[in-house]
Structures are given as structure tokens and as C-alpha cells.
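K.L.:
There's a structure below that I have some questions on.
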Ligand SMILES: Cc1ncc(C[n+]2csc(CCOP(=O)(O)OP(=O)(O)O)c2C)c(N)n1
């Protein structure tokens, strides 16, 4: 199948069995490339069916898909004429590992930093309405990225706005490590309500067309359904803030995904489709170690073992030293914005679980939190990748520096990152995410 697919138009021509076969072939293809070149593996294996369904139901570049973070776009690239060039991933002057508007008109927005997709998609949808155009705009965001303040700010605005927009929440229960926090607790409640919220749009449309009684009847039914839903799913967060919630949907079932996406096309206003996927799907070793296979260097396909022996790096030296210091001083605490392993905090988290805080992909909050702790006399240590520290400039200045608070900020992945030669002007700052 993969030989036959060179553009999204080709995907649309395949029947469902052929699309299923295509999904398996794409997984093999990505595994071959990433095991040789390195790259983001687990997230891409998790969105194969979703990406096929999106390209079947929507028409790019007229319709716009904004991929949050953008590390999960290998499948999209394969389906939009970049199958061959994906072989140059992580090579000098090779294909970008993230969406790049310069690379293809089907990449409608550059991403890299987490939690931007709903804002950008809402902006595009509002621009569409101002221009009186009629295309669809979709944001695809992970449950990890949804913990970021910018995503929550955008949900707040989008829900209220009544703007036609689809948000696909790709819930695999993982950020890079296990996703934690209040949003993750909310999603686990929604996850257990399988099948309840399947919406019967065509029936609604038929009843609404009955003269005089049709529309009032639909409204009464909707009100009753909504109050039942409130009983079954306490605090129906997304509906309460103005979204139409569809799901949860099995994110590896192409037919079901296509059905839901087609429904969402007919709805007006903001819609959120909650899909459940497995990070690393189809490659058992990655399914069992999704954090290790989030982003990985070259590895052996049979065993999953890295091809290069890992030498001690900045993060590990930092992590070891921190554990040593923390043993002597119980005021030391560590804060991470969802990057426990990447920033060398794994040992600290194991040894001092009560002094370790993973606060979600929320760099601004990390520094605000650290300021409060420092004010009260504990010693917060905050390692963050250089690129992501940008998010917290205001907190560094307004909350920490002006009050002269002793927060220890450790800048990881600063400078040139050798393994990650991207063909953009931002090569040096985008480390291995
Ligand atoms: C501002 C910012 N902080 C940290 C990261 C590093 N990062 C990249 S992907 C990721 C986890 C994303 O999880 P999720 O959105 O659930 O997507 P998944 O990989 O699980 O599909 C993190 C923390 C980032 N890209 N941007």
C-alpha cells in the first residue's frame, strides 16, 4: 500500500481494509528509519490511524491541521509526498522533524514548543470567518501538551467564542513520562465512560426539520441528555466551558475515527474529540517503554537497545550532584516541567519523592512556584532546556529577580546540539525535545 500512496488524494482512494494495511506498513517504515537515524518514535507510532483518518476526511491544504509540539508528524509527512525525504531525518540538511511551512503547503503552522496549537488554530478559524471562507481548522493536541497554560488559555477563549473549530485530544496517558496532575485525573474519569457520548447527529438533524415541534424537541432532549451526562460524568469540564465533547474514541480504529471526524465537520462551534491511543503502538518494546522511545538515537530493532553507548552528560552530572547535595540539605527541592528524565532528575525523584515536583508542561508555573518556595526559605532547583526557558522570562524577572529570590535555574541543552541538525534557523536552540 505504501508504494501506492504519494499524496493525501491517494489515501482517500483506499478502502478501509487497505487503509488498515497501510497503517501497518507505515509503522514498519517509520521503525526502519528511526532505528537507523534516531527520532521521535513512540508518539508517531501512536498517531498512524489518526493521521490516515484526518487525511481521508479533510482536504489539505484548504483545511488546516495544527499539530501541537509537532514531533508526531512523520506519518503526515509520509502521506503528503515526503516519504522518501523522511529517510534524511536527523541528517545534515535533511527533512525537519517538525512541521515546517517552508517544506510543504500541507504544514500550515510551525510548531516545536508545546501547547500552542489551540491558539493558532483558533486564530486561523477566526481569520477564516472574517474572510468569509469555509474551510475546517483542526488542532491535534496531546494530553501532555494540554497541561500547558497556553493551551488552557486557548480553550477558555475558544469555548466561549462559538467559533467553528475542532480540537482533537490525543490521550495516551503520557507526556514524555507518565502524565500527572488535575487534567490527567479529569481525563481518566472521562476515559472510563466509553461509548456513552456517541452523538447521533443525523437523527438530531432529521428531528430538527419537523415543522414547529422539531427544534424545541431537540432542545429538550439535549437538555435532558446534558443533565444525565452531568450525573454520569461528574464535572463535564469541556462541555461546561463551551465545547461539544465527542468520545472517547478508540484512536486505533480508523473507521470510528473517520466517523467522528465526519460528524465534527457538520457541527458548528468548537468541538473536542477525545481519542485514546497507545504510545509506541505496534512495536512492543516501545509500548512497554514509551518514555525511553519518545525520542531516541539509533537503536537495534530486535532488542530495542541503543547503538551508541551513552556517555555521562551534563544532565546526569547535574542529577548526581543534586542527589549528593540534597542528602546533606533537606531544604533542597527539585521542580520539572514534564522533563524528569531529560533533565537528569530521575534519581532525585526516586530518592526524594516528597521533594520532587513534576508540574506538567508549564514552565511559567514552574518558576512562579519556585519563587513562592524560595520566599518561604526552601531551595528550589529548576532545570529546564534552554529553549523552553523562554516561556518563563516574565516569571524570572517579575517574580524572582526583582524580589531577589534565591532560585537555582539550571539551563539544560544550551548551545549547539550536535545530534539534531535541523534545516531551520533555530537549529541551535531546538535540542532533542
Ligand atoms: C514548552 C515545551 N516544554 C517542553 C517540551 C518537551 N516536550 C516535547 S513533547 C513533550 C510531551 C508531550 O506529550 P503529549 O502532548 O501528550 O504528546 P505525546 O508525545 O504523548 O503524543 C514534552 C514535554 C516542549 N516541546 N515544549
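The values are calculated or read from the model by the stated rules, or taken from the named source; none is laboratory data. A quick note: this is a predicted structure, and the numbers were derived from the prediction, not measured. No Cβ is skipped: glycine too gets one built from the backbone with ideal geometry, and neighbour counts run over all protein chains shown.
K.L.:
Given the options 96, 125, 121, name the one that is over 17 Å from the mean Cα position of the chain (by Cα), buried (at least 20 other Cβ atoms within 10 Å of the Cβ) and free of Cβ contacts under 8 Å to residues at least 60 places away in the same chain.
P.N.:
The unique qualifying residue is 125.
K.L.:
Restricting attention to the stretch 156-187, which residues are closer than 25 Å to residue 40 by Cβ and more than 14 Å from the ligand (Cβ to nearest atom)?
P.N.:
Passing the criteria: only 166.
K.L.:
Six or more apart or on different chains, Cβ atoms under 6 Å: show the pairs whose first residue is in the stretch 77-90 and within 17 Å of residue 108 (Cβ to Cβ) and whose second is at pLDDT 95 or above.
P.N.:
Cβ pairs passing all conditions: 77/86; 79/11; 79/55; 80/104; 80/106.
K.L.:
When you go through 157, 171, 143 one by one, which is the residue that is assigned by TED's automatic domain parsing to the domain that holds residue 63, closer than 15 Å to residue 277 by Cβ and free of Cβ contacts under 8 Å to residues at least 60 places away in the same chain?
P.N.:
Numbers: 157 fails: closer than 15 Å to residue 277 by Cβ; 171 fails: free of Cβ contacts under 8 Å to residues at least 60 places away in the same chain.
One residue alone meets the criteria, 143.
K.L.:
I'm trying to understand the selection: among the residues of the stretch 55-71, which are within 16 Å of the ligand (Cβ to nearest atom) and in contact with a helix residue (DSSP H, G or I) (Cβ under 7 Å, 6 or more places away or on another chain)?
P.N.:
Those that are within 16 Å of the ligand (Cβ to nearest atom) and in contact with a helix residue (DSSP H, G or I) (Cβ under 7 Å, 6 or more places away or on another chain): 65, 66, 67, 68, 69, 71.
K.L.:
For the stretch 347-366, state whether one or more residues are assigned to a loop (DSSP other than H, G, I, E, B), away from the ligand (no atom under 16 Å from the Cβ) and at pLDDT below 95. I'd like the intermediate steps shown before the answer.
P.N.:
At the first step, the residues of the stretch 347-366 found to be assigned to a loop (DSSP other than H, G, I, E, B) are 352, 359-362.
Right, trim to away from the ligand (no atom under 16 Å from the Cβ) and you get 352.
Filter once more, keeping what is at pLDDT below 95: none.
Scanning the stretch 347-366 turns up no residue that is assigned to a loop (DSSP other than H, G, I, E, B), away from the ligand (no atom under 16 Å from the Cβ) and at pLDDT below 95.
K.L.:
Okay, moving on. Kindly provide the set of residues from the stretch 382-409 that are within 16 Å of the ligand (Cβ to nearest atom) and over 29 Å from the mean Cα position of the chain (by Cα), ordered by number.
P.N.:
none
The rows are residues; the columns are (1) at negative phi; (2) over 19 Å from the mean Cα position of the chain (by Cα); (3) surrounded by 14 or more Cβ atoms within 10 Å (Cβ to Cβ); (4) modelled with pLDDT of 90 or more.
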| position | (1), (2), (3), (4) |
| --- | --- |
| 147 | yes, no, yes, yes |
| 156 | yes, no, no, yes |
| 176 | yes, no, yes, yes |
| 211 | yes, yes, no, no |
| 229 | yes, yes, yes, no |
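K.L.:
In addition: Would you confirm, using the coordinates I've provided, whether residue 38 is within 16 Å of the ligand (Cβ to nearest atom), assigned by TED's automatic domain parsing to the domain that holds residue 135 and over 19 Å from the mean Cα position of the chain (by Cα)?
P.N.:
yes
K.L.:
Right, another one. Restricted to the stretch 274-325, and to residues that are part of a helix (DSSP H, G or I) and within 16 Å of the ligand (Cβ to nearest atom), which residue is farthest from residue 263 (Cα to Cα)?
P.N.:
Out of the qualifying residues, it is 315.
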